[in-house]
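Contents: one structure, followed by commentary.
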2 protein chains.
Amino acid sequence: MISVIIIGAGNVATHLFKAFHKSEQISVKQWYNRHLNPINPYKNDVEITDDLSQLKEADVYVIAVSDDAIKELSSKLPFENRLVVHTSGGVSVYDINQKNRRGVFYPLQTFSKDAFIDFANVPICIEAIKSDDYHVLKSLAKSIGSSTKRVNSDQRRVLHLAAVFVNNFTNQLYRVAHEITESEGADFDILKPLILETANKVQELSPYMAQTGPAKRNDKKTIKKHLKILDNNPHHKAIYELLTESIQKTHGRKKL
Amino acid sequence: MISVIIIGAGNVATHLFKAFHKSEQISVKQWYNRHLNPINPYKNDVEITDDLSQLKEADVYVIAVSDDAIKELSSKLPFENRLVVHTSGGVSVYDINQKNRRGVFYPLQTFSKDAFIDFANVPICIEAIKSDDYHVLKSLAKSIGSSTKRVNSDQRRVLHLAAVFVNNFTNQLYRVAHEITESEGADFDILKPLILETANKVQELSPYMAQTGPAKRNDKKTIKKHLKILDNNPHHKAIYELLTESIQKTHGRKKL
């Protein structure tokens, strides 16, 4: 049994609480937040507190707060030499105050407040300075069904950056497609199977091998047609040109 | 029973042949290609020919050849007043020679040569000039399990363009993410569940509602960190900047 105390009340903290709470191998001893309001609905499931001095002893303290708050909060913890981890992709493990044993427990997934999260689909990137701590964090992840990967701070930083490309930027391409289809009264919904298949394809093939389309085959006529449609939207046109160039760079074609 | 003759031997032609051949409501009467070699493996399943003058009578002639070849090929067909359709997203229905009844049967999906295609996941965009022809094409699509959408040439043109954004350009973002993770020896595979979830999310939510991340919440500190990592790759950096700007434009944030 691993005992855990959660610190913070955002999306990640809340989803982790629910997953930890459900696991038979984990006991959530307390949930701290500086305001009780957001965690109040859970007071029948777990002891809640807004007072750091009341924190009990536990195997792992999981700080799931905004990046900027990790450093200061960790320095305020009223104990030493315990295992304290944060859940951030972009923050160094050394931002955690050195009076405690430090680690990172970074779930690489997109979290919405209301959507149910199956942690079997959430790989956890683990970093720990001590080997024993690494194994505790690995067990913690396993207990909620997650796969794990040992990742150092440099790797985690680039994974966090890469996640922005495959999640936020990809989603913005969906948004642009939505705007383009709506401009002619076409139905964005028809694109949804293609969106899924594009994501499915790279589960097996590398993105390099999965690539198709006018940019890759240097189909200048189609590219020209597309740029003409985009003439009335310089912003969409700039995205089209840059990503076409990027594909041609990757696949050894000439520039536009 | 709808009788069909397929013209061409590329990915789309081959996948359509397999689906038509499997359907009990469709009879593939012939398969034409200017070279017999690529369709030779199917000669026990269907009559094959490389001679346009040998084409038989059928309810629908499906021209699935490269965009540039549609016009000329359709003018060479040795008959009149029959239903002839092409399968292209970017070509006008009027590129088909007017001696025949014209239509479009555009499957909006990404096709790989070897991957199995379930046409239940392939919406077919249908255009026809005559109402009777529209209904034949709709039945044809239904017979292979596809949903259909009536789409005019302008709408089809923007759908084809939007498909480049959600398929080719999205795949290129995966590729950039691959390059970024490899640069630090991190494992691209850890991103795969996030890639899937990003595509899944917009099956229910609009891309606008699904957006998260540093650009949307105007988290300048994280954006600055990311741009610093990208300093050694101006090309990736340009994509980061342009798509961050795009998200901020969509969500009413200030420019970088």
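Looking at segment B:15-126 alone, DSSP beta bridges between its own residues are antiparallel in about 25 percent of cases. Only Cα pairs under 8 Å and 6+ residues apart enter the sum, and on that basis the relative contact order of segment A:80-179 stands at 24 percent.
What order, most packed first, do the peptides A:226-237, B:200-211 have when packing is the mean number of other Cβ atoms within 10 Å of each residue? It would help to have the intermediate numbers written out before the result.
On the way: A:226-237: 15.3, B:200-211: 17.2.
Highest to lowest by the protection proxy: B:200-211, A:226-237.
Positive end of the dipole of chain B (Cβ unit charges, origin at the Cα centre): among B:Q248, B:I39, B:A58, the Cα lying farthest that way belongs to B:Q248.
Could you list the GluC sites (Glu not before Pro) in segment B:1-82 that lie in coil according to DSSP, counting only those with at most 15 other Cβ atoms within 10 Å of their Cβ? Could you put the intermediate results ahead of the total?
Values: sites: B:E24, B:E47, B:E57, B:E72, B:E80; in loops: B:E24, B:E47, B:E57, B:E80.
Loop-located and lightly packed - B:E24, B:E47, B:E57, B:E80.
Of all DSSP-defined beta bridges confined to the protein assembly as shown, some 20% are antiparallel rather than parallel. Can you give me the relative contact order of segment A:2-151 as a percent, contacts being Cα pairs under 8 Å and 6 or more apart? Answer for segment A:2-151 is 20 percent. Of the cross-linked pairs A:K192/A:K237; A:K216/B:K56; B:K99/B:K138; A:K113/A:K138, those separated by over 27 Å at the C-alpha level are A:K216/B:K56.
Mean-square fluctuation check for chain B, GNM, Cα pairs under 10 Å: which of B:Y240, B:Y32, B:Y134 is largest? Of the options given, B:Y240 has the highest mean-square fluctuation.
Among B:L77, B:L137, B:L191, the largest mean-square fluctuation in a Gaussian network model of chain B (Cα springs under 10 Å) belongs to B:L191. A simple spin-label model places the labels of A:D187 and B:L36 4.4 nm from each other, with each point 7 Å out along Cα-to-Cβ. Using the Cβ-Cβ distance between A:F79 and B:R217 with R0 set to 35 Å, the FRET efficiency works out to roughly 0.65.
Label-point distances for A:Q54 to the equivalent site in the other copies, using a point 7 angstrom along Cα→C-beta, read 8.7 nm when ranked shortest first. Measuring r between the beta carbons of A:D154 and B:E57 and using R0 = 45 Å, the FRET efficiency lands at 0.10.
Estimated purely from DSSP H runs of n ≥ 4, each contributing -39500 (n - 2.57), the mean residue ellipticity at 222 nm for chain B is -12000 deg cm²/dmol once divided by its residues. Separation of segment B:188-202 and segment B:6-60, taken as the distance between their Cα centroids, equals 38 angstrom. Each part reduced to its alpha carbon centroid, segment A:83-115 and segment A:136-169 end up 10 Å apart. Stretching the chain fully between A:A238 and A:S206 yields a gain of 8.9 nm (0.36 nm per residue, less the alpha carbon separation).
Connecting C-alpha atoms closer than 10 Å in a GNM of chain B, tell me which of B:L243, B:L73, B:L173 has the biggest fluctuation. In this elastic network of chain B, the residue with the biggest mean-square fluctuation among B:L243, B:L73, B:L173 is B:L243. Calculated FRET efficiency, A:E24 to B:E24, Cβ-Cβ distance, R0 = 45 Å: about 0.30 to the nearest 0.05. Take every Cα pair under 8 Å whose residues are at least 6 apart in sequence, average their separation, divide by the length of chain B, and the relative contact order is 12 percent.
Read-outs throughout are calculated quantities, based only on the coordinates presented, and are distinct from any laboratory measurement. Since the structure is predicted, the reported quantities are computational estimates derived from the model, not experimental observations. Counting neighbours? That spans all protein chains shown, and the Cβs are built from the backbone with ideal geometry, glycine included.
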